[in-house]
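As structure tokens, the structure follows; a few thoughts come after it.
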Amino acid sequence: MAIIKAVAMMLVIGALIGLFLGIAGKKFYVAPDTRVEDVLAMLPGYNCGGCGNPGCAGMASALVEGSCTVDKCKPCKADVKEQIKKYLAEHAK
């Protein structure tokens, strides 16, 4: 009988915690910022570090933050640089 009570208590506690986590997940949801991934997809992907950032992911993050300019990316072609500048101007926060 004690085992049945223990199992029932664990089921109730698990259900309550699951309910709480489900509600908290909806209430505190933060929409992800996809700008870094979008800019990273436009960069050449050489991860050379010539821009002074730790690879293209660091460059994309710096571009979105505004602490770097796309002109520092040497392997990036001119038309892609313009595309990145246009994207960042349109999607500024």
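Values in this text are rule-based calculations from the coordinates and carry no lab data. Please read these numbers as outputs of a predicted model, since none were measured by experiment. For neighbour counting, all protein chains shown are included, and Cβ atoms are generated from backbone atoms with ideal geometry for every residue, glycine included.
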The ³J(HN,Hα) series, computed from each phi in the stretch 67-77 with the Karplus coefficients 6.51, -1.76 and 1.60 at θ = phi - 60°, rounded to the nearest Hz and given as x for glycine or proline, is 8, 8, 10, 5, 5, 6, 7, 6, x, 6, 6
Within the stretch 3-43, DSSP-loop chymotrypsin sites (Phe, Trp or Tyr not before Pro) with at most 15 other C-beta atoms within 10 Å are Phe28, Tyr29
Excluding near-sequence neighbours (fewer than 8 apart on one chain), the chain holds lysine pairs with C-alpha atoms under 30 Å apart numbering 14
Under the helix-only model (-39500 (n - 2.57) for each DSSP H run of 4 or more, divided by the residues of the chain), the mean residue ellipticity at 222 nm, to 500 deg cm²/dmol, is -20500 deg cm²/dmol
Here the cysteines of the chain without any disulfide-compatible Cβ partner under 4.7 Å are Cys48, Cys51, Cys56, Cys68
Counted neighbours (other Cβ, 10 Å), sorted fewest up, put Ser67, Ser61 in the order Ser67, Ser61
Share of Cα-Cα pairs in the chain beyond 15 Å, whole percent, is 67 percent
Once phi for every residue in the stretch 8-25 is put through the Karplus expression 6.51 cos²θ - 1.76 cosθ + 1.60 (θ = phi - 60°), the whole-Hz ³J(HN,Hα) values, with Gly and Pro written as x, are 5, 5, 5, 5, 5, 4, x, 5, 5, 5, x, 4, 4, 5, x, 5, 5, x
In order over the stretch 78-84: 3J(HN,Hα) from phi, Karplus 6.51/-1.76/1.60, θ = phi - 60°, whole Hz, x for each Gly or Pro, gives 4, 5, 6, 4, 5, 5, 5
